[in-house]
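What follows is one structure encoded as structure tokens, with my remarks underneath.
Since every read-out is calculated from the coordinates, none of them should be taken as a lab result. If you're wondering where the values come from, they're calculated on a predicted model, not measured in any experiment. Glycine also receives a Cβ, built like all others from the backbone with ideal geometry; neighbour counts cover every protein chain displayed.
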Amino acid sequence: MAIEGFDYKGFAQNLAQQALELIPPEFNENQRNYVANTLLNFSTVAGEALYNDNQLNFNVDQAVMITQIIAEWSFHKSVDLIKSGIPQQYWDPIMQKIAFTIFEIAKNAFHQGLPQDQCLQLIEHHVKKTYLDCISELKEKNLIDEGLMEQAASQSNIDAMVQQQAEISQEQQVQNTQVQQSVPQKPVSQNVNNSSNVTVPDMNLDGLKIGSEPKILKLATLAMLFQKLQQDRVQTYLNKFNPDDSGIIIKFMGMPNLDTKVDAGAAIKCLHEIESQLPKNTERTINKISVLEKLQNISQFMTKTKIEQTLRLERQRVKRFVFTAMEGEYYNLPPYVGNVIAQHLEDSV
């Protein structure tokens, strides 16, 4: 039985149209079309499959969520692929594997009734692992060299976007502190709440435009982005913001139906502004030694039974890599793949 009220074609078209505003400005026409068409194709195919599914019986909200997750990851990973420098003939096979992985993991997770944050955590883990597995496979087949593999593995559009905004928030906090120190302080009114807790005034976000309260809109937009990420990662990002800004973001994240209270066009412009401020290249230093150290550190907090349980659905090669590393030897996996596996275990501690 079809899902009543689920217009998957219209929904996919709307997502693709919004994505056009977020594509990095330095992309040429071919690259822009690739990002938009990839998102449109995968979200349409996924939406149609969910719409016609007669076994899992998803409701419209679940179908929309799964389709949107596929669209968002299709956007971010296609941007990462283009920035990676990997030749275009390899883009489609990689994106197809990623989309298939998201679809299967999301279907199973939602069907089992897992909490949303766990669903998103599983999907994120498998997206990263699939992406890095595909890149490693290209290297193993001598289709790309090790330098290009490492450059591709270092790409993370979503992480770079949040990191850039956190740095801006910190800079603004320093500037505000300097201004406050240079201006004579007025006596504090007795009616002001002097609690050490961050207090955020109630705000009406309906119809908020980018030109009126740009900072508030930016924080609300980040809150919507954070709602899609696993809780541990969100807390890591929040720790990088100044306390006032992180308090506002938390308040926004707790608002029901936040996405309906922020003007969609303004939010898209806001994300586009954040995207335009990102550095063109993101470098990470991950090597075999750092991965070994991370895994050996994890072994101090997790028993072998707990590790085996966490890895029960992983391939034998992944299990062998983990237990070999904990014995002080590095099994034959690229460091960036090993780091994703170690991060997955670290999140489970």
For this session: Please give the length that would be gained between residue 54 and residue 290 if that part of the chain were fully extended, namely 0.36 nm times their separation in residues minus their C-alpha to C-alpha distance (nm, one decimal).
Result: 80.2 nm
Exercise. Between residue 315 and residue 143, what is the FRET efficiency for a Förster distance of 30 Å, r being their Cβ-Cβ separation, to the nearest 0.05?
Worked result: 0.85
Problem set entry | Greater than 19 Å apart at Cα, pairs in 77/141; 97/129; 128/304; 288/319 | 77/141; 128/304
Problem set entry | Ranked list, fewest to most other Cβ atoms within 10 Å of each Cβ, for 330, 8, 51, 131 | 330, 51, 8, 131
For this session: With a bin width of 5 angstrom, please list the P(r) values of region 88-129 as percents of all Cα-Cα pairs, from the 0 bin to the one holding the largest distance.
Result: 5, 24, 29, 18, 12, 7, 4, 1
Exercise. Expressed in nm to one decimal, what extension gain is obtained for the pair residue 97 and residue 111 from 0.36 nm per residue of sequence separation less their Cα-Cα distance?
Worked result: 2.9 nm
For this session: Considering the options 52, 115, 79, tell which one lies farthest towards the positive end of the dipole of region 8-157, charges being +1 on Lys and Arg and -1 on Asp and Glu at the Cβ, about the Cα centre.
Result: 52
Problem set entry | Relative pair counts by distance (%), Cα atoms of region 47-98, 10 Å bins | 22, 39, 25, 13, 0
